[in-house]
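I have placed the structure first, in the form of structure tokens, so that the comments after it can refer back to it.
The values are calculated or read from the model by the stated rules, or taken from the named source; none is laboratory data. All values reported here derive from a predicted model rather than from experimental measurement. Virtual Cβ from ideal backbone geometry, glycine too; neighbours counted across all protein chains shown.
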Amino acid sequence: MNRSALDQLLRSQAGIWRGLRSENQVWQVIPSGFAELDALLPCGGWPLGGVLEILSPCLGIGELSLLLPAMADLTQAKRWIAWIAPPQQVYTPALLQAGIDLNYVLVVDCRQAADIPWSLEKLLRNGRCGMTLAWPRRLSDHQIRRLQLAAEAGSALAVLFPKQLNGSGYTALRLEVRPAETGLDLHILKARGSLQRASLTLPL
């Protein structure tokens with residue numbers, strides 16, 4: 001197939017995914033609150049309508065601090081932040097200090113692991129929820145694909161803190177974070193629409 005025929009096919013078939021973001025591919029985002037991080041992310045922020053995976057060696061190293069500014073912006077816009085079966089109690093003083101409106105914070109207690117993806121999908125689709133957070137042990141490619149479609153439908157951000165690495169290619173963004181002396185080392189492992197791999201240290 002020659003180049004002109006390929007270009008014509010890509011223009012006529014909007015559903016074909018292209019690995020690199022072209023000039024006419026723009027996704028809705030919400031700023032992370034960290035200018036140096038936004039400069040590395042496609043379209044300059046967290047992808048609304050996408051699944052974000054954050055990998056970390058353990059809980060409580062500052063990974064939630066990455067999301068606090070976006071949470072504050074979303075609650076000020078009267079969109080809900082849903083915590084699905086958090087492994088620890090949500091520390092409300094820190095949320096208040098970050099400017100998050102607690103009237104728009106929802107904590108969902110899932111009795112069984114199978115309830116987590118179901119709850120995520122329902123909340124992402126309803127349009128009033130701006131961000132969901134969950135700590136599943138592992139999700140299948142099919143489950144992550146469903147979450148991606150639900151996030152797109154609700155223009156929401158699904159944040160996963162998996163205990164095991166998911167092999168899915170459906171996530172819009174995958175980060176790895178590790179503690180550093182001056183803050184948090186962050187590595188962009190995968191970003192929708194970009195082949196760029198980047199690292200930075202955020203002084204959290």
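A few remarks follow.
- Any hit, the range 150-169, residues being in contact with a helix residue (DSSP H, G or I) (Cβ under 6 Å, 6 or more places away or on another chain), buried (at least 19 other Cβ atoms within 10 Å of the Cβ), touching a residue at least 60 places away in the same chain (Cβ under 8 Å) and under 22 Å from Ala39 (Cα atoms): yes
- Any hit, the range 186-200, residues being touching a Ser or Thr at 6+ places or on another chain (Cβ under 8 Å), part of a loop (DSSP other than H, G, I, E, B), at pLDDT below 90 and exposed (fewer than 13 other Cβ atoms within 10 Å of the Cβ): no
- Residue list for the range 103-113, restricted to those being in a loop (DSSP other than H, G, I, E, B) and either aliphatic (A, V, I, L, M) or in contact (Cβ under 8 Å) with a residue 60 or more places away in the chain (or both): Ala113
- Residue among Ile54, Ile100, Ile116 that is crowded, with 17+ Cβ neighbours inside 10 Å, of a type in the set (A, V, I, L, M, F, W, C) and part of a strand (DSSP E or B): Ile54
- Matching entry among Asp141, Asp101 (being more than 21 Å from Ile61 (Cα to Cα) and touching a helix residue (DSSP H, G or I) at 6+ places or on another chain (Cβ under 7 Å)): Asp101
- A residue that is small (Gly, Ala, Ser) and assigned to a helix (DSSP H, G or I) occurs nowhere in the range 139-148.
- Ser32, sole failed condition from (1) part of a loop (DSSP other than H, G, I, E, B); (2) more than 11 Å from the chain's Cα centre (by Cα); (3) modelled with pLDDT of 90 or more: (2)
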